[in-house]
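Below is one structure; the comments refer to it alone.
The values are calculated or read from the model by the stated rules, or taken from the named source; none is laboratory data. Here the structure is a predicted model, which means the values were calculated and not measured. Here the Cβ is made from the backbone with ideal geometry for all residues, glycine too, and neighbour counts use every protein chain on show.
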Amino acid sequence: MTAALDQGIADEIAARRDDLVSLTRDLIRIPTLNPPGLNYLEICEYLADRLGRAGFRVDLIRAEGARGDSAAHPRWNLVARHEGAGSGECVHFNSHHDVVAVGHGWTRDPFGAEVEGDRIYGRGACDMKGGLAASVIAVEAFIAACPGYRGAIEISATADEESGGFGGVAHLAEQGWFAPERVQHVIIPEPLHKDRICLGHRGVWWAEIETMGRIAHGSMPFLGDSAVRHMGAVLAEMEATLFPLLATKRTSMPVIPEGARQSTLNINSIHGGEAEQDEGYTGLPAPCVPDRCRIVIDRRFLIEEDLAEVKREVGAMLERVKAVRPGFAYEIRDLFEVQPTMTDEDAPIARSTAAAIERVLGRRAAFVVSPGTYDQKHIDRIGRLRNCIAYGPGILDLAHQPDEWVSIGDMADAAQVMALVLAELMAPPA
Ligand SMILES: [Zn+2]
């Protein structure tokens, strides 16, 4: 790439700084809360209007019938495509447009998009409307600086990442939008920070374990069989054998934070016995021996592990309890699973992004892996596209927190990195 193009891109990004701020603020002011999935059409139409005026062909796609989609809360997605002057590969920027619940503890208006100094505040500022805005500015600046580019550039804004992405990227991937013959490079501008490249994520297995007992009067528990005590035995066995086993399983994936460089298991919930009553209920509980107890486990596994083996470990633990505990009966049900994925550090999109980070920030990019999953899982498994990374501005720790914010300077730097990636992959030979 030429120094002139480098400078041209830097100038175009700098000239768009106010636009970057106002675009980010506009996006934050559209409260795309998920659940239940509010204002999805509104945010897609806002982007369609802007990108349509910038010369993109725009498709609005409803994930009709997908998990979460309903007449009251339709799952709308946007894909915008800009064709270059010659044939070549397609670089796709995918951002989710949904945000999580506001929660408590805010000192700012969560949808006011207040600006103070270098920061823009609001729900979704960091995760990930700041990244979406940075990618839009990056693409517009690149097209202005390099109108003769080869290939095509796509920007998508997709639904429901925060609830699994079934009405968003999964649906688009099923419809062929990420097929390797139409898209060759994907950047997901999640808030991993402007100097880090996220190559993938660990795997996930959620399951529900239920223990069974027999109901009886609480004054004569010996006439029943307590499912809660049975579950207590399961938890004790877990502490004694399963957690120590998981701690020995280490990964070579560069997961951040470091504590997640091993297998982990969270007990997401526990429910046993009488159901909780509504808030207004003033009566006492009835004395009963609990005949059912359920836990939901959230097991995160490593690229070195096999999902069938992960399931066998938990099954073996339950069988150990059964072997020593009279009357012990259980069921286990799969709820959700995601395979781990990791793009190669030498994949074209990872290499180009690392080089651009070094040029813009003057330091080496760090390659990381996310402890939790994001929409890359669908692009990998359904779309069969491996050349995919997450790269975007924002500090991951602020995601989903009160007073979430994004730095304007970081967004501008990340936009410049993204534009330089486009230049490396698409600029015509000088
Ligand atoms: Zn996100």
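The residue of the stretch 86-120 that is surrounded by the most Cβ atoms within 10 Å (Cβ to Cβ), among those that are farther than 28 Å from Arg150 by Cα and of a type in the set (Gly, Ala, Ser), is Ala113. Within the set Val338, Val314, Val360, Val310, the sole residue that is among the β-branched types (Val, Ile, Thr) and surrounded by fewer than 20 Cβ atoms within 10 Å (Cβ to Cβ) turns out to be Val314.
Taken over the stretch 113-140, the residue count meeting the criterion of being more than 16 Å from the ligand (Cβ to nearest atom), charged (D, E, K, R) and assigned to a helix (DSSP H, G or I) is 1. Among the conditions (1) in a loop (DSSP other than H, G, I, E, B); (2) touching a residue at least 12 places away in the same chain (Cβ under 8 Å), the only one that Val234 does not satisfy is (1). Set side by side, the residues Asp375, Asp410, Asp344, Asp397 differ, and just one is within 16 Å of the ligand (Cβ to nearest atom), more than 30 Å from Glu237 (Cβ to Cβ) and surrounded by fewer than 16 Cβ atoms within 10 Å (Cβ to Cβ), which is Asp397. Within the stretch 174-193, the set of residues being surrounded by 23 or more Cβ atoms within 10 Å (Cβ to Cβ), modelled with pLDDT of 95 or more and either more than 28 Å from Gln416 (Cβ to Cβ) or within 16 Å of the ligand (Cβ to nearest atom) (or both) comprises Val186, Ile187, Ile188, Pro189, Glu190, Pro191. For the stretch 364-371, the condition of being within 16 Å of the ligand (Cβ to nearest atom) and touching a Gly at 6+ places or on another chain (Cβ under 8 Å) holds for at least one residue.
Residues in the stretch 154-165: is at least one more than 15 Å from Ala80 (Cα to Cα) and more than 16 Å from the ligand (Cβ to nearest atom)? No, that holds for no residue.
Residues in the stretch 168-190 that are part of a loop (DSSP other than H, G, I, E, B) and either farther than 24 Å from Gln401 by Cα or not assigned by TED's automatic domain parsing to the domain that holds Thr353 (or both): Gln175, Gly176, Trp177, Phe178, Ala179, Pro180, Glu181, Arg182, Val183, Gln184. Does the stretch 207-225 contain any residue that is closer than 12 Å to Val369 by Cα and assigned to a strand (DSSP E or B)? Looking for residues that are closer than 12 Å to Val369 by Cα and assigned to a strand (DSSP E or B), one finds none in the stretch 207-225, hence no.
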